[in-house]
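Enquirer: Pasting a structure below so you can have a look.
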Amino acid sequence: MTSINLTIPLYNEELVLSENVIKILDFLTSSGLDNAFEWQIILADNASTDKTAVIAQSLAGQFPKKIQYLYLSQKGRGQALKKAWQNFPADFYIYLDADLATDLNHLPEMINFLHQGNDIVIGSRLHENSSTTRGLKREMASRFFNFLLKTLLNFSLKDSQCGFKGINQKVLQEIIPLARDNNWFFDTELLFWAQKKGLKIKELPVLWIDAERKSKVTIIPTALNYLKNIWRLKKYGKIR
C-alpha cells in the first residue's frame, strides 16, 4: 500500500489546530483515502509560544496510529518540512498549511498526479482555472514576486508559494539537499532546483480562500530575504 506523509507546519496555531486536524481526518475517511493509502500526519511545531504544542500532543495521543508530533526549536517552514519529511519516510510527501486555505477536495487530485509520475505537484492560486479569495495587498505582492522570479531566473511556474505541495522520493533524495533556505523561500528554492534538474512538475488549479486572521509573514524582512535568495540562485544561472 502506498504510504503518504502529510505534514502540517505549525507556528502558534492554537485557534485552528484541533478543528482543522479533525476536518482532515474526517475528509480522509469520507473520501476513501484512509483505506486506499497508509497515512502519517506530522504536526511539525516551529517553536510555538502558545498552546499549539499541548493541542498537537493531545491529538497525537488521541490518534496514535495516524498522527505524529514533531517539535523544532527554531521557526521556519522550510526547516519544518525538511525535518518532517526526512524523519518520517513515505512514498509521497505532501504538506498543507494549518489554516486549510486550500480546499481539501484537491488532495485526491494531487495524489493521482503523483501516481501518474509527476515528481512535484503544486497548488497554484494564479492558475487561470483557480478560484481564490484573498486581500489585494497579498495578491499584488504575490504577483510581483512571481514577476521577479520570471524576469531574473526564467521561472516558468505561476505560483511558487501556495501552501499545498506534494513530492516523491526522488525529490526528497535529490532536490531537498540542494535547498538551503529554511524559511518561507524554501518552496521557491525547491522548485528552482527541480526545474533546473528537469524534473516533472504539475501545477494544480485550486479553490483557495485566505483565512481571515493576521498573517504570520512579516512583509519587509520576508521581502528582503526573498531578494537575497533570488540573487543567490541567480549566480547558478537561469532555468533553461
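The values are calculated or read from the model by the stated rules, or taken from the named source; none is laboratory data. Everything numeric here is computed off the predicted structure, so don't read it as measured data. All Cβ positions, even for glycine, are placed from backbone atoms using ideal geometry, and neighbour counts span all protein chains on display.
Enquirer: crowded, with 16+ Cβ neighbours inside 10 Å, of a type in the set (Asp, Glu) and under 18 Å from Ala84 (Cβ atoms) - does that describe any residue in the range 28-42?
Expert: Looking for residues that are crowded, with 16+ Cβ neighbours inside 10 Å, of a type in the set (Asp, Glu) and under 18 Å from Ala84 (Cβ atoms), one finds none in the range 28-42, hence no.
Enquirer: Now a separate question. Can you name every residue in the range 154-189 that is part of a helix (DSSP H, G or I) and over 21 Å from Ala101 (Cα atoms)? If you could, list the steps in order and put the result at the bottom.
Expert: In the first step, residues of the range 154-189 are kept if they are part of a helix (DSSP H, G or I); the result is 169-174, 176-178, 186-189.
Once the filter is applied, which keeps residues that are part of a helix (DSSP H, G or I) and over 21 Å from Ala101 (Cα atoms), the range 154-189 yields Gln169, Lys170, Val171, Leu172, Gln173, Glu174, Ile176, Pro177, Leu178, Glu189.
Enquirer: While we're looking at this one, here's another question. In the range 66-80, how many residues are closer than 7 Å to Asn46 by Cα, at pLDDT 95 or above and polar (S, T, N, Q)? So that I can check it myself, show each step before the final result.
Expert: Step one: list which residues in the range 66-80 are closer than 7 Å to Asn46 by Cα, which gives 71-76, 80.
Those left that are additionally at pLDDT 95 or above: 71-72, 80.
Next cut, polar (S, T, N, Q) only: none.
Of the residues in that region, 0 qualify.
Enquirer: Picking from Ser124, Ser58, Ser73, which residue would you name as being more than 23 Å from Phe185 (Cα to Cα) and hydroxyl-bearing (Ser, Thr, Tyr)? It would help to see each step written out before you state the result.
Expert: Values: Ser124 fails: more than 23 Å from Phe185 (Cα to Cα); Ser73 fails: more than 23 Å from Phe185 (Cα to Cα).
None of the others qualify; the one that does is Ser58.
Enquirer: Looking at (1) over 21 Å from Lys200 (Cα atoms); (2) surrounded by fewer than 18 Cβ atoms within 10 Å (Cβ to Cβ); (3) touching a Leu at 6+ places or on another chain (Cβ under 9 Å), find the lone condition where Asp91 falls short.
Expert: With (1) over 21 Å from Lys200 (Cα atoms); (2) surrounded by fewer than 18 Cβ atoms within 10 Å (Cβ to Cβ); (3) touching a Leu at 6+ places or on another chain (Cβ under 9 Å) applied to Asp91, the lone miss is (1).
Enquirer: Of Ile42, Ile55, Ile24, which residue is over 24 Å from Asp91 (Cβ atoms) and either at pLDDT 95 or above or in contact with a helix residue (DSSP H, G or I) (Cβ under 9 Å, 6 or more places away or on another chain) (or both)?
Expert: Details: Ile42 fails: over 24 Å from Asp91 (Cβ atoms); Ile24 fails: over 24 Å from Asp91 (Cβ atoms).
The unique qualifying residue is Ile55.
Each row is one residue, and each column tells you yes or no for (1) under 25 Å from His106 (Cα atoms); (2) exposed (fewer than 14 other Cβ atoms within 10 Å of the Cβ).
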residue	(1), (2)
Met140	yes, yes
Leu153	no, no
Gly163	yes, no
Leu172	yes, no
Ile175	yes, no
Arg180	no, yes
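Enquirer: Evaluate the range 145-153: report whether one residue or more is more than 18 Å from Arg232 (Cβ to Cβ), in a helix (DSSP H, G or I) and either in contact with a strand residue (DSSP E or B) (Cβ under 7 Å, 6 or more places away or on another chain) or not polar (S, T, N, Q) (or both).
Expert: Yes, the conditions are met somewhere in the range 145-153.
Enquirer: A further question follows. Of the residues that sit in the range 59-86 and are of a type outside the set (Lys, Arg) and free of Cβ contacts under 8 Å to residues at least 12 places away in the same chain, which one is surrounded by the most Cβ atoms within 10 Å (Cβ to Cβ)? So that I can check it myself, show each step before the final result.
Expert: Going residue by residue through the range 59-86, those that are of a type outside the set (Lys, Arg) are 59-64, 67-74, 76, 78-81, 84-86.
Okay, now just the ones that are also free of Cβ contacts under 8 Å to residues at least 12 places away in the same chain, so 61-62, 64.
Numbers: Gly61: 10, Gln62: 13, Pro64: 9.
The extreme case among them is Gln62.
Enquirer: Continuing with this model, one more query. Does Ile24 satisfy the condition of being of a type in the set (Val, Ile, Thr), touching a strand residue (DSSP E or B) at 6+ places or on another chain (Cβ under 6 Å) and more than 17 Å from Trp184 (Cβ to Cβ)?
Expert: Values: of a type in the set (Val, Ile, Thr): yes; touching a strand residue (DSSP E or B) at 6+ places or on another chain (Cβ under 6 Å): no; more than 17 Å from Trp184 (Cβ to Cβ): yes.
So Ile24 does not fit the description; no.
Enquirer: Which one is farthest from Trp39 (Cα to Cα) among residues in the range 98-129 that are buried (at least 19 other Cβ atoms within 10 Å of the Cβ) and among the polar types (S, T, N, Q)?
Expert: Checking each candidate, the answer is Ser124.
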